[in-house]
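Undergrad: Dropping a structure here in structure tokens format, bear with me for questions.
Each value in this text was obtained by applying a stated rule to the coordinates, not by laboratory testing. From a predicted model like this one, the values you see are computed outputs, not experimental measurements. Cβ placement follows ideal geometry from the backbone for every residue including glycine, while neighbour counts extend to all protein chains displayed.
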Amino acid sequence: MTDATVKKFMFVNRKAPHGTIYALEALEVVLITAAFDQDVSLVFLDDGVYQLKKTQQTKGIETKNFSPTYRALDGYDVEKLYVEKESLDARGLSEDDLLVDVIVLGSAEMGALMAEQDVVLSF
Amino acid sequence: MLHIVNKSPLANRTLENCLRVAAGGDILLIEDAVYAATKGNSFEQQMTKALEKFKVYVLQPDLDARGVGDRLIAGATPVDYGGFVELAANNKNCQSWL
């Protein structure tokens, strides 16, 4: 595949992980996109930052615990994970609370990164 | 009366609306509403204030699923599914703030 066909895809995750199906569906689409050798970025904003919280145990609510999948993204060459600092702060979370290594950006930096994408997909 | 809330306090105003209208009694936080009763959440102060007027219960399996079982604020009471059923049975009526 030539460079000309590679687009910058950003997936914007703004929903908490288990109350709706959005977070799980976003993961599915991210993995599909990665298979097409695209430039993929994942963004976690607002309640979306909760998707990356460590120690999620879904046994009690009898649903799939998909949180380990975030740790596997690296294996699909999905390495650009961005988290908004303001969203972490509003939820009493820090980078240490997250399952994976991320790049923490302020709101303005996040907005600029969003603006330079070819395709933005919202979840 | 039992009031049940299932939405994150930072995603929309459902819990805020419940707290404004509800006359007192029991509040049960389930699903994404459990984040409201976690330490460090920016809704924590409003939740703590609500404890003066309501008895607040939080569904433990939903806390665990979200990895915040160790962050419950003081004064809120964790319950399991059996506790959920008891709350529903022991109250005269119930409003789900969907």
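Undergrad: Over the whole of B:59-65, what's the average partner chain Cβ count within 10 Å per residue? Rounded to a whole number, please.
TA: Working: counts 2, 1, 6, 5, 2, 7, 13.
Per residue, the number of nearby Cβ atoms from other chains is 5 on average.
Undergrad: Using 5 Å bins from zero, what percent of all Cα-Cα pairs in chain B falls into each bin?
TA: Histogram of Cα-Cα distances, whole percents per bin: 3, 15, 29, 28, 19, 6, 1.
Undergrad: Over region A:27-123, what is the relative contact order in percent, taking alpha-carbon pairs closer than 8 angstrom and at least six residues apart?
TA: Working: 91 pairs, mean separation 29.0, N = 97.
Reported as a whole number, the value is 30 percent.
Undergrad: Could you give P(r) for region A:3-122, binned at 10 Å from zero, as whole percent values over all Cα-Cα pairs?
TA: Spelled out per bin, shortest first, that is 13, 47, 33, 6, 0.
Undergrad: Please list, in chain and number order, the residues 5+ apart from A:Lys7 or on another chain whose amide H is under 5 Å from its amide H, with Hs placed from the backbone.
TA: A:Asp39
Undergrad: How big is the dipole moment of chain B about its Cα centre under a simple scheme where the beta carbon of each Lys and Arg is +1, that of each Asp and Glu is -1, and everything else is neutral? Debye, nearest 20, please. Spell out each step's value before the answer.
TA: On the way: 10 positive and 11 negative charges, 75 e Å.
Charge dipole of chain B: 360 debye, to the nearest 20.
Undergrad: Which value, in nm² and rounded to one decimal, describes the direction-averaged projected area of the C-alpha convex hull of the protein assembly as shown?
TA: Values: hull surface 49.7 nm².
For the protein assembly as shown, averaging the hull's shadow over all directions gives 12.4 nm².
Undergrad: While we're here: Could you give each residue of region A:108-123 its phi-based ³J(HN,Hα) in whole Hz, using Karplus coefficients 6.51, -1.76, 1.60 with θ = phi - 60°, and x for Gly or Pro?
TA: 5, 5, 4, x, 5, 4, 4, 5, 8, 7, 7, 9, 10, 10, 10, 10
Undergrad: Amide H to amide H under 5 Å from B:Leu28: which residues, 5+ apart in sequence or cross-chain, H placed 1.01 Å off N in plane?
TA: The list, which skips near neighbours in sequence, is B:His3, B:Ile4, B:Val5, B:Tyr57.
Undergrad: Rounded to the nearest 0.05, what FRET efficiency do A:Leu31 and A:Glu86 have when you use their Cβ-Cβ distance and R0 = 22 Å? Mind showing how you got there, number by number?
TA: Details: r = 28 Å, r/R0 = 1.27.
Between A:Leu31 and A:Glu86 the formula returns 0.20.
Undergrad: To continue, here is another question. Just rank A:Lys54, A:Lys80, fewest to most, by other beta-carbon atoms within 10 angstrom. List each step's numbers first, then the result.
TA: On the way: A:Lys54 12, A:Lys80 16.
Ascending Cβ contact count within 10 Å gives the list A:Lys54, A:Lys80.
Undergrad: Taking θ as phi - 60°, what are the ³J(HN,Hα) couplings along region A:94-105 by the Karplus curve (6.51, -1.76, 1.60), each to the nearest whole Hz, with x for Gly and Pro?
TA: 10, 4, 5, 7, 9, 5, 9, 6, 9, 9, 8, 10
Undergrad: What's the angle, to the nearest 10 degrees (0 to 90), between helix A:22-35's Cα axis and the longest principal axis of chain A?
TA: Helix A:22-35 sits roughly 30 degrees off the main axis of chain A.
Undergrad: Treating only the Cβ of Lys, Arg, Asp and Glu as charged (+1, +1, -1, -1), what charge dipole size does the protein assembly as shown show about its Cα centre? Round to the nearest 20 debye. Mind showing how you got there, number by number?
TA: On the way: 22 positive and 32 negative charges, 197 e Å.
About 940 debye.
Undergrad: Here's another thing I want to ask about it. Calculate, for B:Lys39 and A:Asp101, the FRET efficiency according to 1/(1 + (r/R0)^6) with r their C-beta to C-beta distance and R0 22 Å; round to the nearest 0.05. Walk me through the numbers before you get to the answer.
TA: Working: r = 24 Å, r/R0 = 1.11.
The formula returns an efficiency of 0.35 here.
Undergrad: To the nearest whole number, what is the average tally of beta carbon atoms from other chains within 10 Å of the beta carbons of peptide A:50-61?
TA: Working: counts 8, 1, 1, 5, 1, 6, 6, 7, 6, 3, 10, 9.
Rounded to a whole number, the mean comes out at 5.
Undergrad: For chain B, what does -39500 (n - 2.57) per DSSP helix run (n ≥ 4), summed and divided by total residues, give at 222 nm, in deg cm²/dmol to the nearest 500?
TA: Details: 4 runs with 31 residues, N = 98.
Rounded to the nearest 500, it is -8500 deg cm²/dmol.
Undergrad: Follow-up question, since we're still on this one. Along the positive direction of the dipole of chain A (beta-carbon charges: Lys, Arg +1; Asp, Glu -1; about the Cα centre), which of A:Ala35, A:Ile21, A:Gly92 reaches farthest?
TA: A:Ile21
Undergrad: If packing is taken as the average count of other Cβ atoms within 10 Å, what order do B:12-19, B:89-96, A:67-74 fall into, highest mean first? Could the numbers behind the result be given before it?
TA: Working: B:12-19: 17.5, B:89-96: 10.8, A:67-74: 15.8.
Descending packing order for the listed peptides: B:12-19, A:67-74, B:89-96.
Undergrad: Sticking with this structure for a sec: Any idea what the relative contact order of region B:2-97 is, in percent, if you count C-alpha pairs under 8 Å spaced at least 6 apart? Write out the running numbers ahead of the final one.
TA: Values: 152 pairs, mean separation 32.8, N = 96.
Relative contact order of region B:2-97: 34 percent.
Undergrad: Along the Cα→Cβ direction, 7 angstrom out, place labels at B:Cys94 and B:Asn12. What is the inter-label distance in nm?
TA: 2.1
Undergrad: Let me ask you something else. Need one value for A:15-22: mean number of C-beta atoms belonging to other chains within 10 Å of its residues' C-beta atoms.
TA: Numbers: counts 3, 10, 4, 6, 13, 3, 0, 0.
Per-residue shielding by partner chains comes out at 5.
Undergrad: Hey, got the dipole for chain A? About the Cα centre, +1 on K and R Cβ, -1 on D and E Cβ, debye to the nearest 20?
TA: Numbers: 12 positive and 21 negative charges, 95 e Å.
Value, rounded to 20: 460 debye.
Undergrad: Once the dipole of chain A is set up with Lys and Arg at +1 and Asp and Glu at -1 on Cβ about the Cα centre, which of A:Thr69, A:Leu81, A:Val120 lies farthest towards its positive end?
TA: Ranked along the dipole, the leading option is A:Thr69.
Undergrad: Using the 2.2 N^0.38 Å rule of thumb for compact globular proteins, work out how region A:1-47 stacks up: its C-alpha Rg over that value, please. Don't jump to the answer; show the numbers that get you there.
TA: Numbers: Rg = 12.3 Å, N = 47, 2.2 N^0.38 = 9.5 Å.
After normalising by residue count via 2.2 N^0.38 Å, the value is 1.29.
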